[in-house]
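Okay, structure first, notes after.
The values are calculated or read from the model by the stated rules, or taken from the named source; none is laboratory data. Just so we're clear, the structure is a prediction, and the values are computed from it rather than from any experiment. When we count neighbours, we look across all protein chains shown, and the Cβ atoms used for this are built from the backbone with ideal geometry, even at glycine. With ligands, DNA and RNA removed, areas are computed over all heavy atoms of the protein, side chains included. Shrake-Rupley method; radii C 1.70, N 1.55, O 1.52, S 1.80 Å.
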Amino acid sequence: MRAHSFTSDRIPRTSGWPLLLLILLLFILFAASLELLLRTRGLSPSHFDVPETWALRRIRTEESGGGGLVIVGSSRSQIGIRPSVLAPALAKAVHQLSINGGSPFPVLEDFVRGQASGFTFLIEFAPHRYATPDDKAYEKARRFVDVGRKLTFIRRYEHELRFVLRERVVLLSPAAGLRSVLSKLGQGRLPSPSMVSMDGEGSITMRRPMGLSPEGEQGTRRYADIPRLPSEALSARVEDLREQLDLLASRGNQVAFVRMPVCSVVLEDENENFHDVWTEYMEAIPFVSWLELDPRFRPECVDGSHLTAASAEAFTNSLALRLESIETL
């Protein structure tokens, strides 16, 4: 009797595509559900405090060809100065290059090396940034600058795509990534709304923590116990900055300092501990202090040294009027 032989050709083959499409559909539904959950919890898309995002703005500033105003500082100016308000008032482009918790010095050094010309640099003057070692702030700003220098052509456009997506999808935001969300859900917790968000221009908005009233937002004394630079080191820092600003000015750039609004306790603390910082030197450069602007302006702060959204807009309007009146800018 002849045995029947079976070959693999007679076994019906089924395609794996339907299964893959089903898995993909389930993943999309899962991700969409998480996105909806995060948005109902008050989270919004953000790319806050991402070095690559800052680096892209830095590159775009250089490519703009000059003629704009460049804001250099830390979170005070990143929160308190609104490019969307300042740009139309000054009729020029405004580039927000402040770094949260960062020092202005590495950014200025980077512009000196980059042969920048035709810009107006508005540099935040926060006394403690100048009179104390401030090593962590310097290193953070240096890290952001280094990322910008190492962006290749391919990596730049890869980050451009991420930038666009992070502006639209909460799950792609660094503070609310998929891994972080799943970790919290695994612990039986729901993600909390971020107290900080950043728009596409690089400006930050802070939300007042629940339970903190305007009367309780004055901040605390923080500078008395911070070691100051020895006088020789401070003089060297001033001289380094002077050289940087002279180089920028020699290339057709203009420079001004701005002292950002703070609430009364922080102002008193700064004046008490840093009253002698660079007074003489500042007199040689346009210096805008919020204390000399609209006398009706009373800063409302989230935590003592960062303005609420309403106060930031009011301050920016006053700042624009003051900058327009400075003939050298």
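In the stretch 285-292 there is at least one residue that is crowded, with 19+ Cβ neighbours inside 10 Å, within 13 Å of Gly80 (Cβ to Cβ) and modelled with pLDDT of 90 or more.
When the stretch 91-102 is limited to residues that are buried (at least 17 other Cβ atoms within 10 Å of the Cβ) and over 11 Å from the mean Cα position of the chain (by Cα), the one that is nearest to Arg143 (Cα to Cα) turns out to be His95.
Scan Val265, Val302 and give me the residue that is over 24 Å from Ser203 (Cα atoms) and in contact (Cβ under 8 Å) with a residue 12 or more places away in the chain. Exactly one of Val265, Val302 is over 24 Å from Ser203 (Cα atoms) and in contact (Cβ under 8 Å) with a residue 12 or more places away in the chain, namely Val265. In the set (1) in contact with a Pro (Cβ under 8 Å, 6 or more places away or on another chain); (2) within 26 Å of Ser250 (Cα to Cα); (3) among the hydrophobic types (A, V, I, L, M, F, W, C), Phe105 fails one condition alone, (1). If I go through the stretch 154-168 residue by residue, how many of them are part of a helix (DSSP H, G or I), open to solvent by 70 Å² or more (accessible area, probe 1.4 Å), within 18 Å of Ser44 (Cα to Cα) and charged (D, E, K, R)? Number satisfying all stated conditions: 1.
Here is a yes/no grid of residues against (1) on the phi < 0 side of the Ramachandran plot; (2) assigned to a helix (DSSP H, G or I); (3) aliphatic (A, V, I, L, M):
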| site | (1), (2), (3) |
| --- | --- |
| Ile59 | yes, yes, yes |
| Glu62 | yes, yes, no |
| Ser77 | yes, yes, no |
| Leu86 | yes, yes, yes |
| Ala89 | yes, yes, yes |
| Lys92 | yes, no, no |
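When Phe111, Phe105, Phe119 are checked against the criterion of being aromatic (Phe, Trp, Tyr) and open to solvent by 10 Å² or more (accessible area, probe 1.4 Å), Phe105 stands alone in meeting it.
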